[in-house]
């Protein structure tokens with residue numbers, strides 16, 4: 001009797017193991033880690049990108065997931081702190097064992113996390129613009145979706161010197177790592193084009209008044225002012241100083257010049273005129289007043305989640321977030337599996353993968369996916385629903 | 001050049017106002033609360049919210065900002081100071097006020113947003129006034145008024161004299177029947193109100209920005225240390241010196257040296273005169 005009971009017990013256990021094994025395979029998900037600075041400084045970009053990421057995950061899961069597996073999105077709020085970003089990156093890579101990581105949003109955090117993710121061999125979609133964040137040799141599985149900082153600077157420089165035909169450039173940057181590095185790159189690029197800036201200055205991003213710097217730029221004979229800073233307070237004060245002193249010089253520079261928060265900080269709305277910044281074809285209205293079809297489609301889908309009314313964030317953030325998940329889907333489908341080495345090969349052989357934000361191309365030696373041709377120059381004061389009209393030619 | 005001087009003076013006077021707030025708090029509790037700068041931040045943020053969010057008249061916005069500052073001042077005393085002082089742990093109040101300051105900053109960041117938001121114009125004035133713009137003169141005028149007001153308060157009113165009594169010798173004051181706990185709360189509420197007022201007056205200069213707190217705490221402390229702990233005139237001088245030096249350093253050497261000059265000033269003064277320019281040497285006769 002005992003023997004029969006124990007045999008029955010063993011058979012029952014084996015059966016239940018088999019059943020749970022099968023259901024475990026069904027319940028297997030593909031884990032995507034998302035390092036996002038949802039609170040803390042520069043959170044506006046992260047929150048908008050998060051909307052895009054979540055929408056893409058929902059859409060893909062509704063239509064059956066990637067290769068039959070549902071996406072499990074592990075969002076980690078790094079609060080803009082590189083230490084937190086590092087801890088979360090290690091957690092995602094080694095404890096949660098995610099298959100992919102998107103982000104972090106801030107270049108400062110990304111500088112810290114990219115080597116960690118590279119060591120863990122986890123494919124990483126990079127959305128920070130600092131040029132040092134990708135390297136085919138050091139970080140073979142890091143692929144950048146956003147444009148590079150150099151693309152921002154050269155697009156702006158080409159517009160100022162090539163289209164507007166200005167020769168006396170004043171560069172005003174902030175004392176942060178980004179500002180200092182960008183001012184230097186901007187000077188070098190201008191030098192290559194044979195233009196020497198008449199005035200270069202670094203300003204503390206919290207300085208309460210920029211009229212001194214603008215007066216000096218005017219005294220040096222500048223005919224265009226190029227700010228390199230992502231600090232909205234500083235950019236707002238710069239435009240206010242220009243307007244208050246009645247100096248109608250064009251301001252050409254960083255895309256943060258076009259952020260909706262700047263409009264609110266201006267003393268008068270017309271201070272936003274004659275201000276141009278590097279932008280993208282995908283978020284520029286055409287001559288018929290319409291956005292490219294993929295962008296418009298995403299706008300319509302996302303509008304409800306952004307409050308339903310007018311969109312007052314830079315829409316390219318949302319499009320970028322959306323695309324990062326689509327890139328992962330594309331890579332997995334091309335590779336036919338989630339094996340990191342296969343994913344790497346799949347992304348390396350990607351050419352002109354159509355996203356909303358842009359079309360992406362990588363190669364074995366190129367980890368920057370954004371093509372130069374999709375950069376554009378926008379006029380800041382034409383902000384409407386997250387996108388802009390092109391700057392005048 | 002005039003704009004450089006005036007803008008330096010304006011931000012310096014905001015630091016001086018924060019130093020005055022430190023003085024009031026220190027007089028009754030011998031504590032240098034890290035939350036001092038955050039009170040000014042709250043004054044600016046809530047003032048902006050009352051006026052732009054709730055569309056109230058600026059007088060009501062001002063009253064609201066002062067009320068919020070006073071409330072937070074009282075809260076600081078209740079949460080971070082009272083029990084710590086009762087336990088007489090040496091400098092634990094540094095940690096407790098730092099904790100409270102961090103919590104307030106994060107909470108405001110979550111509610112108000114992390115980008116600087118506009119602070120509306122208070123008095124009708126053209127924007128091309130240059131050095132005469134109200135964003136410079138409001139903090140300057142306010143700091144001077146605050147210092148004068150505090151002197152009158154200390155010398156002419158009973159509560160002011162009680163504050164002075166407590167700052168000179170808390171035990172003796174208690175022996176004379178002064179309720180030191182109640183006076184301390186009152187001093188924190190008063191300093192909170194002053195801090196809120198300072199933040200409101202400087203709102204057009206700093207924008208309504210959640211991250212102002214720590215900068216003001218640090219710079220206000222530098223102004224206090226340079227001017228001398230306990231001296232209101234010293235606070236004004238220290239603040240003016242810090243603001244002007246920041247402005248000149250930025251004008252002549254660019255932004256990269258601004259912070260170095262400020263802290264360098266502190267170190268030089270403290271090396272030469274450790275009790276500050278107008279501070280009193282606290283020598284206990286044995």
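Read-outs throughout are calculated quantities, based only on the coordinates presented, and are distinct from any laboratory measurement. Note that the structure is predicted; figures quoted are calculated from it, not measured. No Cβ is skipped: glycine too gets one built from the backbone with ideal geometry, and neighbour counts run over all protein chains shown.
With a Förster radius of 35 Å applied to the C-beta separation of residue B:110 and residue A:293, the computed FRET efficiency comes to 0.40. What separates the Cα centres of segment A:236-264 and segment B:106-143 is a distance of 17 Å. Computed from Cα atoms, the angle from the helix A:232-244 axis to the main principal axis of chain A rounds to 20 degrees.
Rounded to the nearest 0.05, what FRET efficiency do residue B:90 and residue A:196 give with R0 = 56 Å and r taken as the Cβ-Cβ distance? Could you check? Before the final figure, lay out each step's value.
Values: r = 58 Å, r/R0 = 1.04.
It comes out at approximately 0.45.
With chain B treated as a Gaussian network of Cα nodes joined by springs under 10 Å, which of B:209, B:15, B:257 yields the largest mean-square fluctuation? Ranking B:209, B:15, B:257 by mean-square fluctuation puts B:257 first. Taken along the Cα-to-beta-carbon direction at a fixed 7 Å, the label points for residue A:63 and residue B:126 span 6.0 nm.
For chain A, would you read off the P(r) tail past 28 Å as a percentage of all alpha carbon pairs? So the portion of pairs separated by more than 28 Å is 49 percent. Note on residue A:393 and residue B:54: their simple-model spin labels are 5.4 nm apart, each label 7 Å out from Cα toward Cβ.
When the Gaussian network model of chain A links Cα atoms closer than 10 Å, the mean-square fluctuations of A:252, A:105, A:203 top out at A:203. Note on chain A: with a GNM built from Cα contacts shorter than 10 Å, the maximum mean-square fluctuation among A:251, A:356, A:201 falls on A:201.
Calculated [222 nm] ellipticity per residue, helices only, for the protein assembly as shown: -17500 deg cm²/dmol; basis is -39500 (n - 2.57) per DSSP H run with n ≥ 4, divided by all residues, nearest 500.
By DSSP, the beta bridges lying fully in segment A:273-393 are antiparallel in about 90 percent of cases.
Compared with the alpha-carbon gap, the fully stretched path from residue B:99 to residue B:233 is longer by 45.2 nm at 0.36 nm per residue. Within 10 Å of the Cβ of each residue in B:127-134, the mean number of Cβ atoms contributed by other protein chains is 3.
Between residue B:145 and residue A:372, the modelled label-to-label distance comes to 5.9 nm, taking each label 7 Å out from Cα in the direction of the beta carbon.
Suppose we keep just the DSSP beta bridges with both residues in the protein assembly as shown; what percent of those would be antiparallel, to 5? Before the final figure, lay out the partial values.
Numbers: 11 of 43 bridges.
For the protein assembly as shown, the DSSP antiparallel bridge percentage is about 25.
Please work out the C-alpha center-to-center distance from segment B:170-240 to segment A:268-334 and express it in whole Å. Rounded to whole Å, the Cα centres lie 47 Å apart.
What is segment A:199-310 by shape, rounded, prolate or oblate, if you read a ≥ b ≥ c off the alpha carbon gyration tensor as root eigenvalues and call it rounded for a/c under 1.5, prolate for a/b larger than b/c, and oblate otherwise? Provide the component values of the computation, followed by the final result.
Values: a/c = 2.53, a/b = 2.02, b/c = 1.25.
Verdict is prolate for segment A:199-310.
Would you tell me the mean number of C-beta atoms belonging to other protein chains that fall within 10 Å of each C-beta in A:257-267, as a whole number?
Taking the mean over all residues of the peptide, I get 3.
Report for chain A the percent antiparallel among DSSP-assigned beta bridges with both residues inside it, nearest 5. Bridges in chain A are about 25 percent antiparallel.
Per residue of A:362-375, count partner chain C-beta atoms within 10 Å of its C-beta, then hand back the mean as an integer. Please list the in-between numbers first.
Working: counts 0, 0, 0, 0, 0, 0, 0, 0, 0, 0, 0, 0, 0, 0.
Taking all residues of A:362-375 together, the mean is 0.
Need one word for segment A:125-191: rounded, prolate or oblate. Basis is the Cα gyration tensor (sqrt eigenvalues a ≥ b ≥ c); a/c below 1.5 gives rounded, then a/b vs b/c decides. Note, shape of segment A:125-191 comes out prolate.
Distance from the Cα centroid of segment B:30-59 to that of segment A:45-64 is 37 Å (rounded to whole angstrom).
The reciprocal of the average 1/r between distinct C-alpha atoms defines the Kirkwood hydrodynamic radius, which for segment B:138-246 equals 15.3 Å. Residues B:244, B:132, ranked from the fewest to the most other C-beta atoms within 10 Å, line up as B:132, B:244. Taking the longest Cα principal axis of chain B as reference, the axis of helix B:258-272 is set at about 30 degrees.
Take the Cβ-Cβ distance between residue A:342 and residue B:252 as r, set R0 to 45 Å, and report the resulting FRET efficiency rounded to the nearest 0.05. Intermediate values should be presented prior to the final figure.
Working: r = 59 Å, r/R0 = 1.31.
Once the sixth-power term is evaluated, E becomes 0.15.
Seen against the Cα atoms of chain B and their longest principal axis, helix B:36-48 is set at about 40 degrees.
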